[in-house]
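Asker: Please read through the structure below; I'll follow up with questions.
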Amino acid sequence: MIPAHDEEAMVATIVGQALAAARPGDRVLVVDSGSTDDTARRAREAGAEVIGGPLGKGAAMRLAVSAVDSEWTCFLDADLATSERNVPALLREAAAGGTADHVVGDYEYDHPGTILASTFTIYEPLTARFFPEVGHLGANALTGYRAVRTRLLRAAPLPADFGVEAFLNISIALAGGRAEVCHLGVIGSRYRFHGGSMATQIGTRILDMAEAHGRLAPADRPDWDQWLHAGVAALAPNAADQGRSALLSRLFTTVRRPMPPTGTPTTTHLTSHSGI
């Protein structure tokens, strides 16, 4: 399943890999997520099944899940430019050959200067604080390349926005699913800066889940929202950075800032397997 928004120049590459990895009975499905270009046409020409979907990565993924009945669903990003090996084939092999319920694709970027700022300044600290059972899922824990047992995707609706990968990591761990990291080699892709909206959606999703599962008291939520807002502000490009080292220094300072104190939640569901 490939969610795609305005990826007319890129989508054929990942569709080609998916078709090469597919076996009889498999579907290669592109959800055209509110594109304003020729993404749908290019995906069809490349050989994919295409359905129109709403804007929002999670919304597109949710639509795809409602349309499949296979044991596994393999999610792929539409902006793949280059890769050393066939990415969906690696994920398929790991899913079929192991005992995991959730295969997370980790990889190296073709540009060594890539900084996963949202991952290590927002996702990692919040997940370690509120959901330590998620554990370490590689450097690219919020990767768009992953395979999941489809039944685990239907426990609750996927969020519509960029918080969907954080949601999957947490919800599958809470449901008792076993995760495994699959190394995909070096990958080249197109980067888009989302002006802090992606980091905000990721952090908000984690805090929402922490509150829903009784790990964050509602009275403490405003302090955590403020912590998130300050962290997101630190991710924006800054003319004063003057190079990668200065940027990293600012991000490391952001990571080290104190987290708010927390009171005792009114309810506790430390081993919840039903709600997401």
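The values are calculated or read from the model by the stated rules, or taken from the named source; none is laboratory data. None of these values were measured; they are calculated from a predicted model. For neighbour counting, all protein chains shown are included, and Cβ atoms are generated from backbone atoms with ideal geometry for every residue, glycine included. Heavy atoms of the whole protein, side chains included, go into the accessibility calculation; ligands, DNA and RNA do not. Shrake-Rupley method; radii C 1.70, N 1.55, O 1.52, S 1.80 Å.
Asker: Pop out the ³J(HN,Hα) list for region 152-166 in order, Karplus 6.51 cos²θ - 1.76 cosθ + 1.60 with θ = phi - 60°, rounded to Hz; leave Gly and Pro as x.
Answerer: 6, 8, 10, 5, 7, x, 5, x, 7, 10, 6, x, 5, 5, 4
Asker: Read phi for every residue in region 175-189 and hand back ³J(HN,Hα) as whole Hz from Karplus 6.51 cos²θ - 1.76 cosθ + 1.60, θ = phi - 60°, with x for Gly and Pro.
Answerer: After applying 6.51 cos²θ - 1.76 cosθ + 1.60, I find 7, x, x, 9, 9, 9, 9, 10, 7, 9, x, 9, 10, x, 8 Hz.
Asker: Return the FRET efficiency for the residue pair Glu71, Ala212: r is the Cβ-Cβ distance, R0 is 25 Å, and the value is rounded to the nearest 0.05. Present the calculation step by step, with values, prior to reporting the outcome.
Answerer: Details: r = 28 Å, r/R0 = 1.12.
After rounding to 0.05, the efficiency reads 0.35.
Asker: What whole-number volume per residue, in cubic angstrom, does the convex hull of the C-alpha atoms of region 57-166 give? Spell out each step's value before the answer.
Answerer: On the way: hull volume 13.1 nm³, N = 110.
Spread over its residues, the Cα hull of region 57-166 gives 119 Å³ apiece.
Asker: How much solvent-accessible surface does Asp77 expose, in Å² to the nearest 10, with a 1.4 Å probe and all protein chains in place?
Answerer: 30 Å²
Asker: Distance from a point 7 Å along Cα→Cβ of Asp38 to each backbone N in region 1-26: keep the residues under 15 Å and list them by number.
Answerer: In region 1-26, the label zone of Asp38 (backbone N under 15 Å from the point 7 Å along Cα→Cβ) covers 6-13.
Asker: Continuing with this model, one more query. Angle check, please: helix 221-235 long axis (alpha carbons) against the longest principal axis of the chain (alpha carbons), in degrees 0 to 90, nearest 10.
Answerer: Taking the Cα atoms of the chain, the angle to 221-235 is about 60 degrees.
Asker: Would you please give the residues with an amide H less than 5 Å from that of Asp38, counting only those at least 5 places away or on a separate chain, with H modeled from the backbone geometry?
Answerer: Glu8
Asker: I want to check the label-to-label distance for Arg190 and Glu84. Put each point 7 Å from Cα in the C-beta direction and report it in nm to one decimal.
Answerer: 2.5 nm
Asker: Once both axes come from the Cα atoms, what is the angle between helix 244-256 and the longest principal axis of the chain, in degrees from 0 to 90, rounded to 10?
Answerer: The angle comes out near 60 degrees.
Asker: Let me ask something additional. For Val50, enumerate residues with amide H under 5 Å from its amide H, sequence gap 5+ or separate chain, H modeled in the peptide plane.
Answerer: Under 5 Å from the amide H of Val50 lie the amide H atoms of Val30, each far enough along the sequence or on another chain.
Asker: Sorted from largest down, what three extents in whole angstroms do the Cα atoms of region 17-74 have along their principal axes?
Answerer: 32, 24, 14
Asker: Taking the Cα atoms of the chain alone, what are Rg (to one decimal) and Dmax (as a whole number) in Å?
Answerer: When restricted to the Cα atoms of the chain, Rg and Dmax are 18.7, 56 Å.
Asker: Just the number please: accessible area per residue for the chain, 1.4 Å probe, all protein chains included, in Å². Don't jump to the answer; show the numbers that get you there.
Answerer: Numbers: 12570 Å² over 276 residues.
Ligands and nucleic acids excluded, the figure is 46 Å² per residue.
Asker: At a 1.4 Å probe radius, carbon and sulfur cover how many percent of the accessible area of the chain? Display every interim value, and only then the final one.
Answerer: On the way: 6820 of 12570 Å².
Exposed carbon and sulfur together represent 54 percent of the surface.
Asker: With the Cα gyration tensor of region 149-217 in hand, convert its eigenvalues to equivalent ellipsoid semi-axes via √(5λ) and list them largest first in whole Å. Walk me through the numbers before you get to the answer.
Answerer: Details: eigenvalues 103, 75, 23 Å².
In descending order, the three semi-axes are 23, 19, 11 Å.
Asker: Place a +1 charge on the Cβ of each Lys and Arg in region 39-142 and a -1 charge on the Cβ of each Asp and Glu, then give the dipole magnitude about the Cα centre in debye, rounded to the nearest 20. The partial results should precede the final answer.
Answerer: Numbers: 8 positive and 14 negative charges, 79 e Å.
Result for region 39-142 is approximately 380 debye, rounded to the nearest 20.
Asker: Can you tell me the orientation of helix 197-212 relative to the chain, as the angle in degrees between its alpha-carbon axis and the longest Cα principal axis, to the nearest 10?
Answerer: With both axes taken from Cα atoms, the answer is about 70 degrees.
Asker: A further question on this structure: If region 98-239 were replaced by its equivalent ellipsoid, with semi-axes equal to the square roots of 5 times the Cα gyration tensor eigenvalues, what would those be, largest first, whole Å? Show your work: numbers first, answer last.
Answerer: On the way: eigenvalues 105, 99, 28 Å².
So the three semi-axes of region 98-239 are 23, 22, 12 Å.
Asker: Once you have the Cα-Cα distance between Arg151 and Gln226, take 0.36 nm times their residue separation minus that, and quote the gain in nm to one decimal.
Answerer: On the way: separation 75, 0.36 × 75 = 27.00 nm, distance 3.56 nm.
Stretched out fully, the Arg151 to Gln226 stretch lengthens by 23.4 nm.
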